[in-house]
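These notes are about the structure you will find just below.
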Amino acid sequence: MGSKKTIALVHATINAVNPMNEYLRKYAPEYRIVHYLDGFLMDKIRAEGGIQDSSTQRMVDMIA
């Protein structure tokens with residue numbers, strides 16, 4: 001028996017984690033789910049008045 005394939009999700013808010021867990025457990029139970037959370041990103045976006053290049057780069061760096 002092989003290991004499960006993994007779905008990795010990147011979040012900017014903790015509020016997205018549980019709904020995604022529920023959805024994926026129902027519709028893709030064969031996958032292992034890994035969450036990456038940048039809790040600072042939403043504060044950064046608010047402080048800068050919107051999504052800036054630095055916010056986008058922060059998410060890209062996290063994905064990379």
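The values are calculated or read from the model by the stated rules, or taken from the named source; none is laboratory data. Only a predicted model underlies this, so the values are computations on that prediction, with no experimental measurement involved. As a convention, Cβ positions derive from the backbone with ideal geometry for all residues, glycine included, and neighbour counts pool all protein chains shown. Just the protein is used for accessible areas: all its heavy atoms, side chains included, with ligands, DNA and RNA removed. Shrake-Rupley method; radii C 1.70, N 1.55, O 1.52, S 1.80 Å.
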Let me have the relative contact order for the chain, percent, based on Cα pairs under 8 Å that are six or more residues apart.
-> 38 percent
Contour excess over end-to-end distance, with Cα ends at Ile14 and Val34 and 0.36 nm allotted per residue | 5.9 nm
To the nearest 10 degrees, the tilt of helix 17-27 (Cα long axis) against the first principal axis of the alpha carbons of the chain is 30 degrees
Using Cα atoms only, what is the angle between the long axis of helix 53-63 and the major principal axis of the chain, expressed in degrees (0 to 90) to the nearest 10?
-> 20 degrees
Electrostatic dipole magnitude of the chain [Cβ: Lys, Arg +1; Asp, Glu -1; Cα centre; debye, to 20] | 340 debye
For the chain the chymotrypsin sites (Phe, Trp or Tyr not before Pro) that pass both the DSSP coil test and the at-most-11 other-Cβ-within-10 Å test are Phe40
Return the distance in nm (one decimal) between the two label points of a simple spin-label model at Ile51 and Thr6, each offset 7 Å from Cα along Cα→Cβ.
-> 2.6 nm
Of all the accessible heavy-atom surface of the range 14-53, with the other protein chains kept in place and a 1.4 Å probe, what percent is carbon and sulfur?
-> 54 percent
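With a 1.4 Å probe and every protein chain left in place, work out the accessible area per residue of the chain in Å², rounded to a whole number. Each step should come with its number before you reach the end.
Working: 4940 Å² over 64 residues.
Ligands and nucleic acids excluded, the figure is 77 Å² per residue.
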Under Karplus coefficients 6.51, -1.76 and 1.60, residue-wise ³J(HN,Hα) of the range 33-48 in Hz, glycine/proline x = 10, 10, 10, 10, 10, 10, x, 7, 4, 5, 4, 4, 5, 4, 5, 8
